[in-house]
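See structure below.
The values are calculated or read from the model by the stated rules, or taken from the named source; none is laboratory data. All of these numbers come straight from a predicted model, not from anything done at the bench. Methodologically, a virtual Cβ is constructed for each residue, glycine included, from the backbone with ideal geometry; neighbour enumeration extends over all protein chains shown. Side chains are part of the model used for accessible areas, which takes the heavy atoms of the whole protein and leaves out ligands, DNA and RNA. Shrake-Rupley method; radii C 1.70, N 1.55, O 1.52, S 1.80 Å.
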Amino acid sequence: MSSPAGASPAAAHPAAAAAAPSPAATIRLTVNGVVHTVQAAPGTPLLYVLRDDLALRGPRFGCGLGQCGACTVHLDGAAVRSCTIPVAAAAGRRITTLEGLGPAGRLHPVQQAFVDEQAMQCGYCVNGWIMTAAALLARTPNPSDAEVRSALAGLICRCGAHMRMLRAVRRAAQSRG
Amino acid sequence: MINPTLSRRRLLAAGGAVVVGFAMPALTGRGGEAAAAPGTGMPAPDALDSWLAIGPDGRVTVFTDKVDLGMGVSTAFAQIAADELDVPVQSVSIVMGDTARTPDQGGVGGSTSIAVGAVPVRQAAAEARRVLVGLAADRLGVAADTLAVRDGVVYAPDDPTKSASYGDLIGGRRFNIAVTGSAPVKAPDQYKIVGTSVPRIDIPAKAAGAFTYIVDVRVPGMLHGRVIRPPVPGARLVSAGSAEGLPGVHRIVAKGNFVGVVADTEWHAVQAARNLKVTWSAPRVPWPAMADLYTAMWSMTPTTRRVMAQAGDVDGAMRGAARTIEARYAWPFQSHAMMGPSCAIADVSDRGATIWSSTQHPHQLQHGIADLLGLAPGAVHVIWVEGSGSYGRAGMDDAAGDAAILSQAVGRPVRVQWMRADETGWDPKGPPVVVSVRAGVDAQGNVLAWDYVARGFSGSGIPAAATTGGNMLAGQLVGLEARGFDVPTVVQENYAFPAKRKTGEIVPWPQDGSPLRTANLRAPSQPATTFGGESFVDEMAAALRIDPVDFRLRYLRNPRDAAVVRAAAQHAGWAPRPSPRPDISRLGVTTGRGFAYAPRGNTLIATIAEVEVNQATGQVHVTRLVLAHDCGLIINPDGLRGTIEANLIQSTSRALKEEVRFGPSGVASVDWATYPILRAPEAPDRIEVVLVNRPDLPPYGAGEPATVATAPAIANAIFDATGARLRTVPFTPERVKAALADRTWPAA
């Protein structure tokens, strides 16, 4: 069932994913470098396919409304909310989850910085913070504190681990710099 | 389960793969001696084997009913056990909250996991060490008191040939002894692991996306459920609609006023719950208008009025006072608003029920589920799996009840995860509290009397633990009776005012089947009562033109209270002067500092807030928080700092932003747009934590005390900056602007 990344054909345009229930289609997804074939209605939010069909644990359901970021994945390197993206819109694109963020078997520098700073309480939200920060540092390697806070403004952390997570992002930026 | 011993060994495998290695030898050798029968009953609290097991390779598994809510308590337990046993902390695994595997310790609440919950673990570890040293003495042919232990190896310091590892001595076998409590535990000066910042054992897997949360649990044959709630409390189900046209739906379950859908996939369940045509009756809500809430609370006749503490002749002293000061304060409904909506998996069959839940009270939920389903408690097995961080009685137990009813209806395992609106809209709410305080002072400015009244709602229906079916939302909706409790709330403080009275009052509130049920939310009601008390202390100090720290120190006679107050002030560089600050500009951005102190149980904190107030917009930005914290002996300084910092952020959010909105059509705060909380740009610029370690004292609680004094510290800082007094939480821009418009000018 696996083939190299990038082998997936063009999928249905997201506009084709109507709100009403639609019959399941065969959809090929490239997730963390592996191509998967899933049966899903094209309008199914990507999050449910990643979690329930592909058994991934990094992206989590927080609100289903795009308000909190717990479900964040990278789509062609950009941080997006998988709870509001129809699975069909992700076909043919490079999907990266927390599990696949680092090089094989190793943590990404942002993940490592979160470990080093002990930057979480329960950690349920931390997927969103790590994935969003990694996308930020990929395009802005040395962000100011205000840029970091602004880039992370769309995320919720209910426990309140903000200070350590902000420190972790700064640490990751320095370790990459 | 096939055999109690085998099942325990198999279950042990979940806590560490090494443990399974001795399953068969243990079974064949000692299987008939299994004292406890996991799966059929609770491990006996007086048996050493109920608390810890040691594998052939020396790995230690600790069993506790206390569960980790995301604050790192599992790491602290590992440190305590490792230190007492003299094993590396990395060799300890923790099994938490399983009704078949862990003794009942009453669940988690009140910051007691380490203060109370770790005591038997420490004792069992000490007992185990004593037994192991004795076994080694027999084997090595030397006296036990000549042996030492390092890294799980018992050895004779004067003879390197004489040693035996814990794995060799007991590995895979049971101790089969009672915990007598007579084994000496180490003195604090002997600790090597307790008191050090051991990195949290759960964090690497969490950062990698490899951790198993409750939402990751999958059971073979599992279906997915979602619930549909009535629009307002008291609405009766008229029609639950049909599954026709809803793809993948297995069953619509309607029972009383409980409605749920069960579908083959999660997305089908979500869509079915969204699209199902459900008809409800439309009763009037049993609430006052939101804007009238506090007026209504003060106008109601209390069902209970209890003097919680009294000293001296308050009324007499008040009559003789040269001057009296009084004020009222109000705290709103707030939501736990857990990051991850509640989730549970239930597998109910004619053989019994297995429930996977992130409940804070596994053994209590066992009884609640049994009551809900009509089963014997022994037929229910509750397995705790870590969830999104929780801070009291949020939706976890209610979701377990939902899953149980749905699974019982369809005869298959059902996973229920609440949607965001189910969680924020329907979790049991932190209750509103109104506070009235009056003080009498003499002509020299000394406080003569202090009369404090806190008024809150009955806790009816939602005790901390779901011990009955009626204490779960699903139970209330199917018509089970809620059995609640009424405990008046009281402020915690240690001021030595000559005359002092603290009264708690309860006014009635409709609880059953309501989205405005009230329940414990982090340091239950103390943020509200301390907001009233510490704001008022600040008002007294201001009225008497005394520095707020000096004023507190005049009346704090307990040296630990005074020390924590001084520690915060010293660290913050607090310069003594009365509030408000001199030379306040009436326009533009102004800054100020505020102080608040509180005990919570035996833990003491002092919080300093520094704020910027934009007087044009009413926006408040907390630039700096300093908190001094004395919780007795510290187990893990860095873990403690992390939990304190998070408490400060969460309580800043509650102070500045959080209020559940409601009206005639129900609760309107249902997601992060309608119940906004603090986000990264609004987080303070700096948080500084001063830990006051007390190795001579036992460890007290630290999970929530740091939350209780943030709101008054911020309110006092706003007053210091502007001369405007905020007496109602949250300090929204509208409220700040109204307070600025109301201020007497010149201030003070």
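If you put +1 on each Lys and Arg Cβ and -1 on each Asp and Glu Cβ, how big is the dipole of the protein assembly as shown around its Cα centre, in Debye rounded to 20? List each step's numbers first, then the result.
On the way: 87 positive and 76 negative charges, 255 e Å.
Dipole of the protein assembly as shown, to the nearest 20 debye: 1220 debye.
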Projected onto the charge dipole of chain B (unit charges on the beta-carbon of Lys, Arg, Asp and Glu, signs +1, +1, -1, -1), the Cα from B:Asn602, B:Ser388, B:Gly504 with the largest positive-side position is that of B:Gly504
Determine which residues of segment B:79-114 fall in the zone a paramagnetic label at B:Ile177 would reach in this model, i.e. backbone nitrogen under 11 Å from the point 7 Å along Cα→Cβ. none
So if I average 1/r over every pair of distinct C-alpha atoms in segment A:109-176 and take the inverse, what Kirkwood radius in Å does that give? 11.5
Considering only B:Ala344, B:Asn257, B:Tyr294, whose Cα is most displaced toward the positive end of the charge dipole of segment B:242-351, charges sitting on Cβ of Lys, Arg (+1) and Asp, Glu (-1)? B:Tyr294
Using every alpha carbon pair in chain B, what percent of pairs falls into each 10 Å bin from 0 up to the bin containing the largest distance? 3, 14, 22, 23, 19, 13, 6, 2, 0
Suppose every K and R has +1 on its Cβ and every D and E has -1 on its Cβ; what is the size of the dipole of segment B:526-742 about the Cα centre, in Debye to the nearest 20? 340
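Below 8 Å, C-alpha to C-alpha, sequence gap of six or more: please give me the relative contact order for chain B in percent. The partial results should precede the final answer.
Values: 1832 pairs, mean separation 95.7, N = 748.
Once divided by the residue count of chain B, the mean separation gives 13 percent.
Work out, step by step, the length gained on full extension between B:Asp350 and B:Ala187: first 0.36 nm times the residue separation, then minus their alpha carbon distance; give nm to one decimal.
Details: separation 163, 0.36 × 163 = 58.68 nm, distance 5.15 nm.
Additional length available on full extension: 53.5 nm.
How big is the C-alpha Rg of segment B:526-742 next to the rule-of-thumb value 2.2 N^0.38 Å, as a ratio? Spell out each step's value before the answer.
Details: Rg = 17.1 Å, N = 217, 2.2 N^0.38 = 17.0 Å.
Compactness ratio reported: 1.00.
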Which lysines does B:Lys657 reach when only Cα atoms under 27 Å apart count, and residues fewer than 8 places away in its own chain are ignored? B:Lys429, B:Lys737
Taking a cut-off of 15 Å, what percent of all Cα-Cα pairs in segment A:14-100 are separated by more than that? 52
Dipole of the protein assembly as shown, positive end: most advanced residue of A:Gly64, A:Leu98, A:Gln112 [Cβ charges, Cα centre]: A:Gly64
Counting DSSP beta bridges with both partners in chain B, what percentage is antiparallel, nearest 5? 75
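Provide the three semi-axes, in whole Å and in decreasing order, of the ellipsoid equivalent to the protein assembly as shown as defined by the square roots of 5 times the Cα gyration tensor eigenvalues. All intermediate terms of the calculation are to be shown ahead of the outcome.
Details: eigenvalues 364, 274, 169 Å².
Output for the protein assembly as shown: semi-axes of 43, 37, 29 Å.
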Antiparallel DSSP beta bridges within segment B:589-748, as percent of all bridges there, nearest 5: 80
When the convex hull of its Cα atoms is projected in every direction, mean area for chain A (nm²): 10.0
Which of the trypsin sites (Lys or Arg not before Pro) across segment B:246-294 are loop residues per DSSP, with 14 or fewer other Cβ within 10 Å? B:Lys277, B:Arg284
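Among DSSP bridges having both ends in the protein assembly as shown, what percentage is antiparallel? Round to the nearest 5. Working shown, then result.
Working: 102 of 134 bridges.
In the protein assembly as shown, approximately 75 percent of DSSP beta bridges are antiparallel ones.
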Neighbour-limited loop hits for trypsin sites (Lys or Arg not before Pro), segment B:430-514 (at most 15 other Cβ within 10 Å; DSSP other than H, G, I, E, B): B:Arg483
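Return the loop-located chymotrypsin sites (Phe, Trp or Tyr not before Pro) in segment B:481-564 (DSSP other than H, G, I, E, B) with at most 16 other Cβ atoms within 10 Å of their own Cβ; answer none if there are none.
Numbers: sites: B:Phe485, B:Tyr495, B:Phe531, B:Phe536, B:Phe551, B:Tyr555; in loops: B:Phe485.
Answer by residue number: B:Phe485.
Relative contact order of segment A:14-100: what whole-number percent is it, with Cα pairs under 8 angstrom and at least 6 residues apart? It would help to have the intermediate numbers written out before the result.
Numbers: 175 pairs, mean separation 29.3, N = 87.
It rounds to 34 percent for segment A:14-100.
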If you count only protein heavy atoms and use a 1.4 Å probe, how large is the accessible surface of A:Cys125, to the nearest 10 Å²? 10
